[in-house]
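A.B. asks: First, the structure itself, so that you have it in front of you.
The values are calculated or read from the model by the stated rules, or taken from the named source; none is laboratory data. What you see is a predicted model; the values in this text were computed from it and never measured. Positions of Cβ are backbone-derived with ideal geometry, glycine not excepted, and every protein chain shown enters the neighbour counts. These area figures cover heavy atoms from the full protein model, side chains too; ligands, DNA and RNA do not enter into them. Shrake-Rupley method; radii C 1.70, N 1.55, O 1.52, S 1.80 Å.
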Amino acid sequence: MRAYQVSSSPQRLTRLTDSLVTQHRFMKKSLLYILLPFWVYSQNIATEEIALKNGDIDIPGTLTYPMTQEKVPLVIFIHGSGNIDRNGNQAGMPVQANYIKTLADSLNVRGVAFFRYDKRTAAAANLAKVSRTLLTDFVADVTIAIDRLAKDDRFSSIHLIGHSQGSLVAMLALDPRISKFISLAGPGRTIDRSIIAQLESQNADFARGAQEYFQELRETDTILDVNPFLRSIFAPENHAFLRQWITLDPTVEIAKITIPVLILNGEADFQVTVEDAENLQKALPTAQMKLIPKMNHVLKEVGSMTENMQSYSDESFPLSRTLVDAIALFIKS
């Protein structure tokens with residue numbers, strides 16, 4: 001706090017007193033503005049735990065929505081690749097950004113309901129129940145969620161947000177019950193081309209190896225000998241999944257969509273680039289596209305590559321407000 005020296009001048013003392021009173025009033029008013037949104041949130045947002053199942057697979061999720069007598073729009077969020085839970089975190093991995101929950105909270109206070117669920121691969125118990133997982137299994141899980149929530153008359157409309165890999169999953173899950181679709185950091189090329197492009201920026205030899213592995217998958221449905229440095233991508237248990245995934249082109253799928261579409265991508269995203277968003281928009285010229293400055297792949301606002309990397313494991317980095325505003329405006333317009 002600023003230190004004041006008291007003068008013997010009555011006029012100066014009066015000005016000093018007035019200044020302190022004004023600051024006190026400003027601080028009280030500012031404190032009210034800071035606290036009020038949290039008070040409104042705690043009083044007016046409802047939370048429900050919903051246990052969905054797809055056969056033997058458990059898909060637990062959380063539904064949050066504004067408590068109002070009016071119907072509100074509902075978002076179903078479809079996650080990207082990996083064992084991601086409903087909050088945007090990955091057990092056993094440094095990805096602990098909590099970005100899905102933060103997005104849900106931010107949209108709730110803007111009058112949008114939000115359903116988020118644990119990806120089937122987030123639970124070890126699910127992995128023990130199936131011998132393999134395909135991309136179309138993720139599509140079936142989304143359909144289960146749509147079936148459940150489309151019957152809920154508290155919601156005026158249903159919208160899908162597909163993040164990263166989830167963008168393609170959402171495209172494949174669209175049906176007449178969905179009003180609008182948002183592709184959030186969605187690749188604009190087949191997954192083999194995306195992976196090769198990412199590897200090229202890190203190691204040219206790895207990129208060439210990956211290209212050979214994808215060709216081997218196309219020709220033989222398997223890969224006989226995998227470089228240990230690329231095993232996280234091309235492990236034997238991933239072969240069937242990759243073999244199906246590389247046949248699906250997001251630009252082909254998005255071109256089929258007839259409902260309103262919004263394409264969002266962060267300019268600080270080093271996993272899915274601005275070029276990917278532009279590819280999607282070229283495939284569907286009627287889609288809206290917005291590039292968000294300083295936003296990275298986990299939807300956080302960052303100012304450097306160091307912050308970009310840190311934000312994956314530190315939930316204190318702020319979610320992009322521009323992102324939240326763009327989604328809310330699109331859904332409610």
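A.B. asks: Taking R0 as 51 Å, what FRET efficiency do you get between ARG154 and ASN227 from their Cβ-Cβ distance, rounded to the nearest 0.05?
C.D. replies: 0.50
A.B. asks: If you take every residue apart from MET309 with its C-beta less than 13 Å away from the C-beta of MET309, what net charge results, scoring Lys and Arg +1 and Asp and Glu -1?
C.D. replies: Cβ neighbours under 13 Å give a net charge of -2.
A.B. asks: How much of the DSSP beta bridge set in the chain is antiparallel, as a percent to the nearest 5?
C.D. replies: If we restrict to bridges inside the chain, about 40 percent are antiparallel.
A.B. asks: I've got another one for you. Would you mind checking the pairs LYS71/LYS282; LYS53/LYS151; LYS151/LYS180; LYS180/LYS290 and listing those with alpha carbons more than 25 angstrom apart?
C.D. replies: Over 25 Å apart, Cα to Cα: LYS71/LYS282.
A.B. asks: Could you state, as a whole-number percent, how many of the C-alpha pairs of the chain are farther apart than 39 Å?
C.D. replies: The share of Cα pairs beyond 39 Å in the chain comes to 21 percent.
A.B. asks: For the chain, set up a Gaussian network in which alpha carbons nearer than 10 Å are linked by springs, and say which option among SER183, SER81, SER164 fluctuates the most.
C.D. replies: Checking each option, the largest mean-square fluctuation is seen for SER81.
A.B. asks: Let me ask something else. What length, rounded to one decimal in nm, is gained on full extension from VAL109 through to ASN44, with 0.36 nm per residue of separation minus their alpha-carbon distance?
C.D. replies: Gain in length upon complete extension: 22.5 nm.
A.B. asks: Per 0.36 nm of contour for each residue apart, how much would the distance between GLU212 and ALA235 grow if the chain were fully extended, relative to their Cα-Cα spacing?
C.D. replies: Gain in length upon complete extension: 6.8 nm.
A.B. asks: Run through the range 255-306 and list the trypsin sites (Lys or Arg not before Pro) located in a DSSP loop whose Cβ has at most 12 other Cβ atoms within 10 Å. Before the final figure, lay out each step's value.
C.D. replies: Working: sites: LYS256, LYS282, LYS290, LYS294, LYS300; in loops: LYS256, LYS294.
Those that pass, being in a loop and sparsely packed, are LYS256.
A.B. asks: Can you tally the net charge around ILE146? Count Lys and Arg as +1, Asp and Glu as -1, for every other residue whose Cβ sits under 13 Å from the Cβ of ILE146.
C.D. replies: Cβ neighbours under 13 Å give a net charge of -1.
A.B. asks: Taking every DSSP beta bridge that has both residues in the range 63-171, what percent is antiparallel when rounded to the nearest 5?
C.D. replies: 30 percent
A.B. asks: For the chain, with all protein chains present and a 1.4 Å probe, just round the carbon and sulfur fraction of the accessible area to a whole percent.
C.D. replies: It is 54 percent, rounded to a whole number.
A.B. asks: Taking 0.36 nm per intervening residue step and subtracting the Cα-Cα distance, what contour gain separates GLU219 from ARG193 on full extension?
C.D. replies: 7.7 nm
A.B. asks: As an exercise, identify the GluC sites (Glu not before Pro) in the range 260-314 lying in DSSP coil whose Cβ has no more than 13 other Cβ atoms within 10 Å.
C.D. replies: Counting only loop positions with at most 13 other Cβ atoms within 10 Å, the GluC sites (Glu not before Pro) in the range 260-314 are GLU267.
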